[in-house]
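*Asks:* Shown below is the structure under consideration.
Bear in mind that the values in this text are calculations on the coordinates, not laboratory data. What you see is a predicted model, and the numbers here were worked out from it, not measured in a lab.
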Amino acid sequence: MTVLVTGAGGQLANELVRTAPKGVDLVALSERELDITDPDAVERTVLRLRPEAIVNAAAYTAVDKAESDVDAAFLVNRDGARSLAESAHRHGAWLVHISTDFVFDGTSGTPYLPESMPHPVSVYGASKLAGDMAVRHACPSAAIIRTAWVYASEGKNFVHTMLRLMRERGSVRVVADQVGSPTNARGLAACCWRVIERKATGLFHWTDAGVASWYDFAMAIAELGMATGALSRPATVEPIRTADYPTPARRPAYSVLDKTSTWQVLGLAGEHWREPLRRTLEEIAKDLCHGECVHG
Ligand SMILES: NC(=O)c1ccc[n+]([C@@H]2O[C@H](COP(=O)([O-])OP(=O)(O)OC[C@H]3O[C@@H](n4cnc5c(N)ncnc54)[C@H](OP(=O)(O)O)[C@@H]3O)[C@@H](O)[C@H]2O)c1
C-alpha cells in the first residue's frame, strides 16, 4: 500500500515516517519536493505515485506570523488542502487531513465535540477552518482529524522552547489561563494510521488525554526534565495571565477537544499527556547525552 505524506520534515510527518506499519510503502515529500499550493504539481504527483492514501501533514503553522501574512496562510491551509482533496477524489485516494483546535473560539466551558460550531479567533484558525470546508467539499470521503498543542522530540514546539529558556534563564513565565491538551506527535501518527487502516471517514478529534494550562505543561516539563536528565538544573515556572503576554494572534482560552466518539470509532484511546511527555524528554535527554559524548 502506497501512502503519500505531505509536509515531510514537520513534526507529524516525521512521526508518520518513524511509525509506518509493515507493508506500507511510504513516500514523504517535503515542501521542496511537493509544494501543495501548486495544483499541477499535486496532480502530477498523485498520478505518478497512485497512492491509496494521502496524509496532508503540510500546513502554514506560524500562528502569530499568519496575522500579518494572511494570503500565505490561506494559500497553504485552504488552497493547498483543496488541491490535494481534489486530486485525491479524482484518483480514488483516501485523504487524511489534519486540522486544529484553533477553529474554536474557546468560550465553551466543556470539551468541544466534532459537531460543535467552529468560530476561529485568529487568521491561522480561519485559514484551517477554510481548509477543512474545502476538503469536505472536494473529497466527501476524507477524514479530518482536529488536534492541538502538538510536540515531538524534534521540531519547533513548546517543549523545546521551554527547555531552552529553562536552561538559559533558570526561570520562565507562562500563561496559566489558557487550557487545552498537550499532544504527542507519535500518538497523533498512530491515530492517522488507524484512520487509514479502518478507512474511517468524517470529522475526528484527537489529543492526548487530560487537560492542562500552558503553565501546568511547563511545570511538568521542568519536573520531568529533571527526572529524565533533559535538564541539568532545576527551573522555576511563574504563572502569568494572557494579558501579561500579548501576542499578535488571539488564542482560545479553552480548547479541550472531546475525543469520545473518535476513541470509540477507532478503538484507540490517547494516553494521559504526562506519559508521552516523559518518553519524549527521555529521548531528548538521550540525544543530549549522545551529542555530548560525540563532541567530547
Ligand atoms: N503544532 C501544533 O501545535 C498543532 C496544533 C493543532 C493542529 N496542528 C496541525 O497539525 C498538522 C501538523 O502540524 P505539525 O506540528 O507537524 O506542523 P509543522 O511541524 O509546522 O510541519 C508542517 C510542515 O508543512 C510544511 N509546509 C508548509 N508549507 C507547505 C507547502 N506549501 N507545501 C508543502 N509543505 C509545506 C512545512 O515546511 P517548512 O517548515 O519548510 O515551512 C513543515 O515541514 C498541521 O495541519 C497543523 O495545522 C498542529
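*Asks:* Considering every Cα-Cα pair within the range 27-158, what fraction, in whole percent, is farther apart than 26 Å?
*Replies:* More than 26 Å apart: 22 percent of the Cα pairs in the range 27-158.
*Asks:* Quick one: grab Rg to one decimal and Dmax as a whole number for the range 30-80, Cα atoms only, in Å.
*Replies:* 12.3, 37
*Asks:* So what is the calculated 222 nm ellipticity per residue for the chain, using -39500 (n - 2.57) for each DSSP H run with n of 4 or more, over all residues, to the nearest 500 deg cm²/dmol?
*Replies:* -12500 deg cm²/dmol
*Asks:* For the range 220-296 and the range 60-87, what is the separation of their Cα centres, given in Å?
*Replies:* 26 Å
*Asks:* Project the alpha carbons of the chain onto their principal axes and report the range along each, largest first, in whole Å.
*Replies:* Largest first, the chain extends 55, 47, 38 Å along its Cα principal axes.
*Asks:* Can you list the lysines whose alpha carbon is less than 17 Å from that of residue 156, not counting same-chain residues fewer than 8 positions off?
*Replies:* 65
*Asks:* Based on the alpha carbons, how large is the Rg to Rh ratio for the range 61-108 when Rh follows Kirkwood?
*Replies:* 1.08
*Asks:* Over all directions, what mean area does the Cα convex hull of the range 175-296 project, stated in square nanometres?
*Replies:* 10.0 nm²
*Asks:* Using each residue's phi in the range 72-89, evaluate 6.51 cos²θ - 1.76 cosθ + 1.60 at θ = phi - 60° and report the 3J(HN,Hα) Karplus result to the nearest Hz, with x for Gly and Pro.
*Replies:* Using θ = phi - 60°, the values come out as 5, 5, 5, 4, 7, 6, 9, 6, x, 4, 5, 4, 4, 5, 5, 5, 4, 5 Hz.
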